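Here is the structure we will look at.
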Amino acid sequence: MTRLTRAVAPMLLATLSASAQAANDADLAAIRDQIETLKHSYEQRIAALEARLAQAETQAAASAPLPADTGSASTYAAASNPAMLHAGPAPANGFNPEISLTLQGRYKNMKDVAERRISGFASASHDHATNGVEGFSRRGFSVDHTELSLAANIDPYWRGQAIFAVLDGETEVEEAWFQSLGLDHGLGLKAGRYLSGIGYLNEKHPHAWDFADAPLMYQALFGEHGSYAQDGLQVKWLAPTPVFLEFGAEIGRGANFPGSDRNSNDGGSHALFAHVGDDLGDSHSWRAGLSYLRTRARERESHFEDLNGMEAQGAFTGKSTTWIADFVWKWAPDGNPKYRNFTFQSEYFLRREQGDLSCRDEEGIGNLCAGDMTGDYHTRQSGGYVQGVYQFTPNWRAGLRYERLDSGNQDLGANNATLTIDHYRPRRATAMVDYSWSEFSRVRLQYAQDKSMRGLTDNQITLQYIMSLGAHGAHKF
Amino acid sequence: MKTIVLILTLAALLPLPAWATLQVVACEPEWAALASEIGGDRLQASSATTARQDPHRIEARPSLIARVRNADLLICTGLELETGWLPILLQQSGNSRVMPGQPGYLEAGLQVPRLEVHAQVDRSQGDVHSAGNPHIQLDPRNIARVAEALTRRLIELDPAQAAHYRARHEDFARRWQAALERWETRGAPLRGLAVVEHHRNMSYLLHWLGMNSVATLEPKPGVEPSAAHLAHLTRQLQAQPARLVLRAAYQDGRASQWLAEHTGTRAVVLPFTVGGSERARDLFSLFDETLDLLLDAAR
């Protein structure tokens with residue numbers, strides 16, 4: 001910028017210097033002043049010109065080319081270059097992943113129960129360090145894990161996403177997968193760690209739930225997380241029909257409950273699912289699904305009580321099959337959900353487990369399992385929930401949920417003589433109302449009458465907040 | 001098992017004949033209408049949203065995923081307007097031909113000069129789009145620009161019909177230019193007219209007709225009008241009066257009614273896009289009616 005002024009100023013000085021000799025000091029000073037003014041003015045004008053040039057360049061890059069010659073294919077060939085067509089203002093950080101952070105926390109008022117589990121259902125083994133008290137079952141004030149998500153298109157063929165759950169002193173990789181962008185014919189491929197496509201709610205993260213906690217059904221099926229994650233591969237195919245018809249298959253490690261980590265070359269978990277959905281007029285839309293999950297477990301630990309009421313440990317080895325049927329129906333006047341909308345949602349599951357159960361006395365308290373009793377294990381259990389959520393203004397929503405599980409048939413073979421078989425029908429009714437300032441911030445007040453533990457009616461009040469920072473991705477139907 | 005395979009095979013084969021005509025899925029009704037103008041019977045155009053729906057906020061419905069799966073061309077406004085739902089449709093559809101960057105994806109917003117481009121955006125400003133105001137369709141000159149780009153794209157995707165698309169575009173462009181001159185002559189008295197918008201979605205219309213937006217009913221873009229903000233507006237309009245309160249067909253009318261009753265303004269519902277009123281059946285009638293409504297209310 002100053003190069004020009006540096007060149008101009010000496011030239012002017014040189015031209016002026018001849019006459020300057022004759023001039024007196026006052027004249028010289030005046031000339032110096034003029035040159036200074038000239039220099040200053042040039043500098044300003046050049047700066048302004050440069051700024052305008054830079055601006056014009058950015059604008060030219062930002063707006064798509066508009067060749068006047070509409071018909072010419074050659075003009076268009078240049079314009080069809082994706083880099084030109086989609087060249088927005090693209091600084092280097094345009095390639096940075098979309099980052100989003102979800103802050104979630106709650107105040108929860110409920111009964112003091114030493115170890116919460118759903119009566120009549122084998123539970124995923126607890127982390128003893130936290131004494132079984134995970135975020136959802138913590139009383140008083142607590143912060144849920146903070147969810148950090150990074151996502152971006154990797155290249156024209158793949159998209160990747162990682163979601164980390166961060167809690168004091170620990171980071172868990174909730175999801176870390178890549179997904180195909182380049183496949184055609186309705187095919188989709190996903191690999192890595194991902195939330196399985198089974199059921200309806202399974203793929204949704206806690207910030208997208210309509211209630212402060214996962215349905216009992218999901219906790220019974222998949223443990224505290226309330227969802228089933230796979231380390232593996234997913235293939236989906238969308239049929240070329242006007243009606244939405246999708247089929248999916250997954251194979252994975254199967255380390256998560258109801259499976260367990262096994263040292264094996266085989267996949268420990270297989271899943272199949274099918275979804276069908278459509279609109280009814282502008283205002284109604286629905287989706288129904290049927291899913292199947294088969295997992296293998298080796299030495300999967302869960303808690304039991306022996307016939308004398310003493311604590312015992314059971315280790316299950318065998319296979320677990322789960323069927324899930326789901327249905328969602330959404331209504332919004334003219335299909336415009338902004339002001340009012342209603343969602344009805346229901347899921348039902350049926351689980352069978354088959355294999356052996358070893359009953360143990362790991363803590364040496366002298367229960368009936370002292371000699372490691374192993375016997376057949378057959379269970380057939382079911383349950384589900386129905387819920388409705390009504391958004392009655394752009395900011396307010398209210399919802400009701402009713403849940404019921406059935407501990408069903410449980411045959412412990414030889415261990416019928418050592419362990420108590422817990423027959424129970426857990427129930428819970430939940431009502432919530434939430435307020436959203438925008439799609440990025442929400443507070444929720446929830447009341448639940450929880451009868452999921454035998455002999456206990458727990459009235460729970462939860463006040464929860466969910467805040468999303470950054471690039472918040474689109475939500476699924 | 002055999003019958004299932006048979007059904008699936010049939011399902012896979014059945015829609016094939018339909019691919020003879022180009023399947024165009026538009027994110028907004030105006031682009032579906034434009035595609036029909038230029039493609040005629042050589043393509044089948046449908047819109048993912050209707051004029052009764054807020055294009056920022058619809059559900060990524062299963063039916064839309066199915067439509068995108070079968071699309072040859074996806075034409076969307078872009079400029080972040082559809083970020084709440086379009087990414088899901090693209091990720092779930094298994095159709096690489098309509099991914100951004102491919103010939104099967106056309107972003108209309110990038111074909112026009114944009115208003116309200118923000119160098120710095122922050123969510124505290126509400127629902128702002130850094131790439132510029134995305135509601136580009138209410139400036140008819142933008143429709144002409146997108147029509148050119150769309151024609152080029154149709155020719156690339158379906159070269160066999162190039163002459164057809166070119167001829168139809170030429171015809172459309174001529175009729176559009178004539179209509180544009182008519183609208184501009186009719187719209188001349190609107191120049192300088194002060195209006196209040198519900199959401200900042202009329203900017204291109206106001207810019208084209210030289211009208212003047214003095215306020216919005218939304219305190220921040222995407223934030224619904226509050227009582228406090230409306231009270232503030234009544235005071236503001238005493239000092240700086242406006243004649244009209246404009247809103248689109250999909251927007252709730254209570255706030256603009258209230259303001260019209262409490263100030264000397266008139267509430268006007270504009271069709272906003274094709275299908276937004278009984279009369280706005282195509283792009284021409286959309287602008288005919290928009291001008292009628294504005295001139296009538298400003299009288």
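The values are calculated or read from the model by the stated rules, or taken from the named source; none is laboratory data. Just so you know, these numbers come straight off a predicted model, no measurement behind them. Cβ coordinates were reconstructed from backbone atoms using ideal geometry, including for glycine residues, and neighbour counts include every protein chain displayed. Only protein heavy atoms, including side chains, enter the accessible area calculation; ligands, DNA and RNA are left aside. Shrake-Rupley method; radii C 1.70, N 1.55, O 1.52, S 1.80 Å.
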Legend entry - Pair list, Cβ under 9 Å, 6 or more apart: region A:282-300 residue facing another protein chain (nearest Cβ under 10 Å) and part of a loop (DSSP other than H, G, I, E, B), other residue crowded, with 21+ Cβ neighbours inside 10 Å and aliphatic (A, V, I, L, M): A:D282/A:A332; A:S283/A:A332
Legend entry - Odd one out for A:T171, checked against (1) at pLDDT below 95; (2) touching a strand residue (DSSP E or B) at 6+ places or on another chain (Cβ under 7 Å); (3) open to solvent by less than 40 Å² (accessible area, probe 1.4 Å); (4) more than 30 Å from A:K451 (Cα to Cα): (3)
Inset, instruction - For A:Y218, state whether it is buried (at least 22 other Cβ atoms within 10 Å of the Cβ), in the same structural domain as A:R352 (by TED's automatic domain parsing), part of a strand (DSSP E or B) and not polar (S, T, N, Q). - result: no
Legend entry - Subset of region B:204-252 [under 19 Å from B:G187 (Cα atoms), open to solvent by 50 Å² or more (accessible area, probe 1.4 Å) and not charged (D, E, K, R)]: B:H207, B:N212
Legend entry - Number of the condition not met by A:F211 [criteria: (1) open to solvent by 40 Å² or more (accessible area, probe 1.4 Å); (2) in a loop (DSSP other than H, G, I, E, B)]: (1)
Legend entry - Subset of region B:99-151 (residues that are part of a helix (DSSP H, G or I), among the hydroxyl-bearing types (S, T, Y) and open to solvent by 10 Å² or more (accessible area, probe 1.4 Å)): B:S124
Inset, instruction - Please work out which residue is most open to solvent (accessible area, probe 1.4 Å), limiting yourself to region B:71-90 and to residues that are of a type outside the set (A, V, I, L, M) and at the interface with chain A (Cβ under 7 Å from one of its Cβ atoms). - result: B:T83
Inset, instruction - Kindly indicate whether A:D361 is assigned by TED's automatic domain parsing to the domain that holds A:Y447, at pLDDT below 95, open to solvent by 10 Å² or more (accessible area, probe 1.4 Å) and on the phi > 0 side of the Ramachandran plot. - result: no
Inset, instruction - Name every residue in region A:334-376 that is away from chain B (no Cβ under 14 Å), outside any loop (DSSP other than H, G, I, E, B) and small (G, A, S), in order of residue number. - result: A:S346, A:G355, A:S358, A:G375
Legend entry - Evaluation of A:F327 against (1) within 21 Å of A:D406 (Cβ to Cβ); (2) away from chain B (no Cβ under 14 Å); (3) open to solvent by 20 Å² or more (accessible area, probe 1.4 Å) (one fails), failing number: (2)
Inset, instruction - Within region A:290-316, work out how many residues are hydroxyl-bearing (S, T, Y) and open to solvent by 50 Å² or more (accessible area, probe 1.4 Å). - result: 1
Legend entry - Residue satisfying condition, being in a loop (DSSP other than H, G, I, E, B) and either surrounded by fewer than 23 Cβ atoms within 10 Å (Cβ to Cβ) or away from chain B (no Cβ under 14 Å) (or both), within set A:G232, A:G254: A:G254
Inset, instruction - Take the residues in region B:38-64 that are open to solvent by less than 10 Å² (accessible area, probe 1.4 Å), over 17 Å from the mean Cα position of the chain (by Cα) and at the interface with chain A (Cβ under 7 Å from one of its Cβ atoms), then tell me which one is nearest to B:G78 (Cα to Cα). - result: B:A60
Legend entry - Members of region B:210-255 that are under 18 Å from B:A297 (Cβ atoms) and within 14 Å of chain A (Cβ to nearest Cβ): B:L217, B:R247, B:A248, B:A249, B:Q251, B:G253, B:A255
